[in-house]
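The values are calculated or read from the model by the stated rules, or taken from the named source; none is laboratory data. Treat the numbers as computed from the prediction; the structure is a model and nothing was measured. Methodologically, a virtual Cβ is constructed for each residue, glycine included, from the backbone with ideal geometry; neighbour enumeration extends over all protein chains shown. Just so you know, the surface numbers come from the protein's heavy atoms only, side chains and all, with ligands and any DNA or RNA stripped out. Shrake-Rupley method; radii C 1.70, N 1.55, O 1.52, S 1.80 Å.
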Amino acid sequence: QVQLVEAGGGLVQAGGSLRLSCAASGRTFSSYTMCWFRQAPGKEREFVQAISWTGSTYYADSVKGRFTISRENAKNTVYLQMNSLKPGDTAVYYCAATRVAVATTPTRYDSWGQGTQVTVSS
């Protein structure tokens, strides 16, 4: 497992942008699949975007064309650039890691950050 720490959340108006970051501990970060999930109040945790150790990316339809995941292995960090934010994007955003292939279900990930709140006002 790796330890993950998210940063970059906050309050933004609809149409605005935020960039989340997730810093990981350990020397094997480059071999991990990294993923962003989010959870709104009263809802289940949902998949947002993932990036494999090869750099292949996967995204939920709800964020297509608006969010971009990237990783910088030299800094053990994964990012989520969020543009054209909507009130429906309001949630706690979690970074997660796994040593297996990309998956969209939270149970496939064994390392989680503490989460960072993103609030989009209308």
>> I'd like to check one number: the per residue accessible area of the chain, probe 1.4 Å, reported in Å² as a whole number.
In response: 51
> If each of ALA103 and SER30 carries a label point 7 Å out from its Cα toward its Cβ, how far apart are those two points in nm?
Replying inline: 2.6
> Any idea of LEU11's accessible area? Nearest 10 Å², probe 1.4 Å.
Replying inline: 130
>> Can you tally the net charge around SER31? Count Lys and Arg as +1, Asp and Glu as -1, for every other residue whose Cβ sits under 13 Å from the Cβ of SER31.
In response: +3
> Which sequence of ASP61, ASP89, ASP110 reflects their accessible areas, 1.4 Å probe, from the largest down?
Replying inline: ASP61, ASP110, ASP89
> Probe 1.4 Å, all protein chains in place: accessible area of LYS86 in Å², nearest 10?
Replying inline: 100
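Ignoring ligands, DNA and RNA, what percent of the 1.4 Å accessible area of the chain is carbon and sulfur?
48
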>> Can you compute the FRET efficiency between GLN3 and ALA60 using 1/(1 + (r/R0)^6), with r the Cβ-Cβ distance and R0 = 22 Å? Round to the nearest 0.05.
In response: 0.30
> Comparing ALA96, ALA24, ALA40, which has the greatest mean-square fluctuation in the GNM of the chain with Cα pairs linked when under 10 Å apart?
Replying inline: ALA40
> Can you pull out the cysteines in the chain that have no other Cys Cβ under 4.7 Å?
Replying inline: CYS35
